[in-house]
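Enquirer: Sharing a structure here in structure tokens format.
The values are calculated or read from the model by the stated rules, or taken from the named source; none is laboratory data. For clarity, every value in this text was computed on a predicted model and none was experimentally measured. Please note: Cβ atoms are built from the backbone with ideal geometry, for glycine as well, and neighbour counts cover all protein chains shown.
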Amino acid sequence: MKCPFCACLEDKVIDSRASTDGASIRRRRECLRCEKRFTTFEQIEEVPIMIIKKNGARESFSIKKIREGVIKACEKRPVSLDQIDALVCFVNESVEKMQVREVESQVIGELVMKQLQGLDEVAYVRFASVYRQFKDVSQFMRELSSLLKK
């Protein structure tokens, strides 16, 4: 670490402590040349995941948007907020496990629908109708009939 006082690149760490939220580590250092002390903070570099929309546009991955969509689909259904949070957490973890910088929105939509299907079929159909943008009743009926076959 470069000393802010003399620009020397050699120092020693005197003390290390995790921040209260655990998101960073505070280190007290002492320059080996000028013997002055300074503080540095170390944290994980978060690389944003980009979503590739159907039209090719890109935007940042947003758990908030997924949660809002699931809440809307589950409106007036016997689905608790804990169940919704678990679903959203599963989707977030699944995306992070992919270890990619870009994900197509279709992949995320399918993840959400698969989880909703096991949680509440009405919420699943609501979400699917918005996500898949049914053009007419026949598309909607095909989705319902495939759901009923399962």
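Enquirer: Based on this model, can you work out whether GLU68 counts as farther than 30 Å from VAL125 by Cα and either free of Cβ contacts under 8 Å to residues at least 40 places away in the same chain or surrounded by 15 or more Cβ atoms within 10 Å (Cβ to Cβ) (or both)?
Expert: The answer is no for GLU68.
Enquirer: Next up: Take the conditions surrounded by 12 or more Cβ atoms within 10 Å (Cβ to Cβ), β-branched (Val, Ile, Thr), out of contact with any Asp or Glu (no Cβ under 6 Å at 6 or more places or on another chain) and in the same structural domain as SER145 (by TED's automatic domain parsing) and apply them to VAL88. Does it pass? Walk me through how you get there before you give the answer.
Expert: Numbers: surrounded by 12 or more Cβ atoms within 10 Å (Cβ to Cβ): yes; β-branched (Val, Ile, Thr): yes; out of contact with any Asp or Glu (no Cβ under 6 Å at 6 or more places or on another chain): yes; in the same structural domain as SER145 (by TED's automatic domain parsing): yes.
So VAL88 fits the description; yes.
Enquirer: I need every pair where a residue in the range 14-29 that is within 18 Å of CYS3 (Cβ to Cβ) has its Cβ under 9 Å from the Cβ of a residue that is in a strand (DSSP E or B) and of a type in the set (Phe, Trp, Tyr), sequence separation at least 6 or different chains.
Expert: ARG26/PHE41; ARG27/PHE41; ARG28/PHE38; ARG29/PHE38
Enquirer: Let me ask something else about it. Just give me the residues in the range 26-65 being touching a helix residue (DSSP H, G or I) at 6+ places or on another chain (Cβ under 8 Å) and of a type in the set (Phe, Trp, Tyr), in sequence order.
Expert: Correct list: PHE61 only.
Enquirer: Tally time: how many residues in the range 30-43 are assigned to a strand (DSSP E or B) and either of a type in the set (Phe, Trp, Tyr) or without any contact (Cβ under 8 Å) to a residue 24 or more places away in the chain (or both)? Step through it out loud before you land on a result.
Expert: If we filter the range 30-43 for residues that are assigned to a strand (DSSP E or B), which is where we start, we get 30-31, 37-43.
After this cut, where a residue has to be either of a type in the set (Phe, Trp, Tyr) or without any contact (Cβ under 8 Å) to a residue 24 or more places away in the chain (or both) as well, the list is 30, 37-39, 41-43.
Of the residues in that region, 7 qualify.
Enquirer: Can you find even one residue in the range 48-56 that is in the same structural domain as PHE127 (by TED's automatic domain parsing), out of contact with any strand residue (DSSP E or B) (no Cβ under 8 Å at 6 or more places or on another chain), in a loop (DSSP other than H, G, I, E, B) and in contact (Cβ under 8 Å) with a residue 12 or more places away in the chain?
Expert: Yes, the conditions are met somewhere in the range 48-56.
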